[in-house]
Protein chains: 2
Amino acid sequence: MSSPPTSDPRRTLTLRDVSEASGVSEMTVSRVLRNRGDVSGTTRERVLEAARRLGYVPNKIAGALASQRVNLVAVIIPSMSNMVFPEVMTGITETLEDTGLQPVVGITNYQPDREESVLYEMLSWRPSGVIIAGLEHTEASRAMMAQAGIPIVEIMDIDGTPVDSAVGISHRRAGRQMAEAIIAAGYRNIAFLGTMMPYDHRARKRLEGFEDALSKAGLAMVDREFYSGGSALLKGREMTEAVLTRSPNVDFLYYSNDMIGAGGLLYCLHKGLDVPGQIGLAGFNGVELLDGLPIRLATMDACRHEIGRRAAEIIAGKTHGGVIGGDIIELFPTLQRGDTIRG
Amino acid sequence: MSSPPTSDPRRTLTLRDVSEASGVSEMTVSRVLRNRGDVSGTTRERVLEAARRLGYVPNKIAGALASQRVNLVAVIIPSMSNMVFPEVMTGITETLEDTGLQPVVGITNYQPDREESVLYEMLSWRPSGVIIAGLEHTEASRAMMAQAGIPIVEIMDIDGTPVDSAVGISHRRAGRQMAEAIIAAGYRNIAFLGTMMPYDHRARKRLEGFEDALSKAGLAMVDREFYSGGSALLKGREMTEAVLTRSPNVDFLYYSNDMIGAGGLLYCLHKGLDVPGQIGLAGFNGVELLDGLPIRLATMDACRHEIGRRAAEIIAGKTHGGVIGGDIIELFPTLQRGDTIRG
DNA sequence: CTCGGATATGTTAGCGGTAACGGCCTGACG
DNA sequence: CGTCAGGCCGTTACCGCTAACATATCCGAG
């Protein structure tokens, strides 16, 4: 039943409390806590002890306002349940780890107006940089980013014009490459299975590149099937059944992502189809999950981890007094043939 | 080539800029932008127009400092690539959506000291509440949370003593329940396959509950296998092979999560084993992915979405002037027998 | 016409830190 | 013994915004 040292017990502590408890000025406490400027060893000890004893947690809001420095990096991505963005995040986090910078995530659910409001909200906290997925944004979003006066890195995609910097792969090229490999393997009746893509621009670009290569070879997509929402694995299974029923002559299934591809693969194996002889399959992303499947789905690694790493490096570099110029870094995904393309 | 209205073109804008551009005081601008207090229609229009034209983004740092209110909720979880936490996040986000509160995520990678530093970092931004996974924290972490003077909700687990509120399930009971169902189905030679769990307390508690029920029935675990890192699906496959090779008499495989369970299931099916006659399997979590498998793995739904929802409701309620009392909300997972337990 | 009370806008004083600068003291050096 | 650099610590003035209060304006009732 001891009473607290001074005043209100539940008031949150400030520098002044630590200052009084340790008998030095607030400024000195601030210096100790930030490890900046010269403070004698004994004073430092006294201050640290007092801070620890009181359970003082600095107020970064006040600190940021005074110093005009915020150690946050806004990361704006469409989704987290996607298996692709967690890995990008890992790359970002790793790289930022020892720069004093901290990522803060915002989710847009692939909705441009939601992206705009998330961006607005994040910018209002004056972060040191922005990492944002994709090159397609609303006019207002682009304007905000251009105005913000901080490094902006648009990631995943480089088929377009970034506001500032960009790190990613060419999805159009990725689609084309996959198509070429499939054609070279002798498949001719190719179907596409993928997301409904009003706003999944990267899936759209892959499809465009893919169809481009098909038509160059005098071919056209034989069938296509779209989905949205639900368990991707299950959707892959269902869509595959639908396509194979509707178009029995199909000899290749190109999926817009690995998850539905995996579902499709499981379905084909279950039905006892000869993969890759009778029918071939390919996905996109190179997700870890594929390693656990009975046979390995053909895919393309989207360089997710490195994209995160490189983007974070750009932010960190510019924050610590780098140049202003916008860099465009293109990465090159590798085609993994797996066991589902013959040849 | 027009020059900017005043001074430095790249300086970030403040209320004063909007104030000057619209000919009213900063205070009035502030009122308009926050939709608070009485402002005439014409003034409001003029201010909004000016703000839009200039591309003004308010500085929440200054706002928060002045108003002593921060619309952020700290959410601290072990991992994002886990399939379980994204769904909790969805529940949180949904519920917070129209409260003006915004979740901010921190990741601990199951490391207590990392949790401590993430917590410290987040508390230094003075959030309106904290949602944190688990009941086990360092002494310092518990002290910080107790001191913070804001609502704290510990989620996922209720087998223990929360700092303030808690929302979750009893993992011990969940393990026990699963064991009872398995025993009732007539399986007797049961093996456990799961994560190495220095800090995955929930997996540990499930195992404890499970073994508890086994021993009550006069049984003991026949074999066990642990993993850490890597593709869970693949690990499930590998561990299953290891166990079945080492202990051919095993007739049930209890997995600590659905992902490795799915890997094991695929392995068993691939080997042509009779599931669930010859061998049974069960996982934990009720992840969506299972819907896409050839047959449905037995599992227990961990109520992830509802946990997120309820936790967010507690925070929102207390923030908007609710009571202080710590609530403990227990949810009850449902056993989904699927097709991998006979009977 | 006067006056009370909305309604609309401005003024002042911080919020809790930090940058910048200044003062004091010590010890080395000419 | 004066001087001065450098270590150590305090003072002052904000950072950009908002709470609280003060002031002006307008309207209709009495």
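Annotations for the structure displayed:
- Test: residue in region B:78-91 that is more than 9 Å from chain A (Cβ to nearest Cβ) and among the hydroxyl-bearing types (S, T, Y): no
- So A:A143, is it more than 17 Å from the chain's Cα centre (by Cα), surrounded by fewer than 24 Cβ atoms within 10 Å (Cβ to Cβ), at pLDDT 95 or above and away from chain B (no Cβ under 14 Å): no
- Flag if A:G308 is within 12 Å of chain B (Cβ to nearest Cβ) and of a type in the set (G, A, S): no
- For region A:111-137, taking the residues that are small (G, A, S) and over 23 Å from B:L33 (Cβ atoms), the one that is farthest from the other protein chains (Cβ to nearest Cβ) is identified as A:G134.
- Scanning region B:95-110 for residues that are touching a helix residue (DSSP H, G or I) at 6+ places or on another chain (Cβ under 8 Å), more than 11 Å from chain A (Cβ to nearest Cβ) and more than 14 Å from A:M89 (Cβ to Cβ) turns up B:T95, B:L96, B:T99, B:L101.
- Failed item, numbered, when A:D291 is tested on (1) more than 23 Å from A:V88 (Cα to Cα); (2) assigned by TED's automatic domain parsing to the domain that holds A:F210; (3) acidic (D, E): (1)
- Per the conditions (1) surrounded by 15 or more Cβ atoms within 10 Å (Cβ to Cβ); (2) within 10 Å of DNA strand D (Cβ to nearest atom); (3) within 14 Å of chain A (Cβ to nearest Cβ), the sole criterion not satisfied by B:V29 is (3).
- Meets criteria (within 8 Å of another protein chain (Cβ to nearest Cβ), surrounded by fewer than 24 Cβ atoms within 10 Å (Cβ to Cβ), under 14 Å from B:G338 (Cα atoms) and aliphatic (A, V, I, L, M)) for B:L234: no
- All positions within region A:2-32 that are away from DNA strand C (no atom under 13 Å from the Cβ) and modelled with pLDDT under 80: A:S2, A:S3, A:P4, A:P5, A:T6, A:P9
- Region B:33-42, subset near DNA strand C (Cβ under 7 Å from one of its atoms) and within 22 Å of B:S67 (Cβ to Cβ), residue surrounded by the fewest Cβ atoms within 10 Å (Cβ to Cβ): B:D38
- Tally, over region A:37-65, of residues that are closer than 29 Å to B:L72 by Cα and within 11 Å of DNA strand D (Cβ to nearest atom): 5
- The number of residues in region B:14-26 being surrounded by fewer than 18 Cβ atoms within 10 Å (Cβ to Cβ), under 44 Å from the mean Cα position of the chain (by Cα) and over 13 Å from B:G63 (Cβ atoms) comes to 1.
- Qualifying position, being in contact (Cβ under 8 Å) with a residue 40 or more places away in the chain and within 14 Å of chain B (Cβ to nearest Cβ), among A:L289, A:L269: A:L289
The values are calculated or read from the model by the stated rules, or taken from the named source; none is laboratory data. Small disclaimer: the values here were computed from a predicted structure and weren't measured. Positions of Cβ are generated from backbone atoms using ideal geometry, with glycine treated the same way; all protein chains shown enter the neighbour counts.
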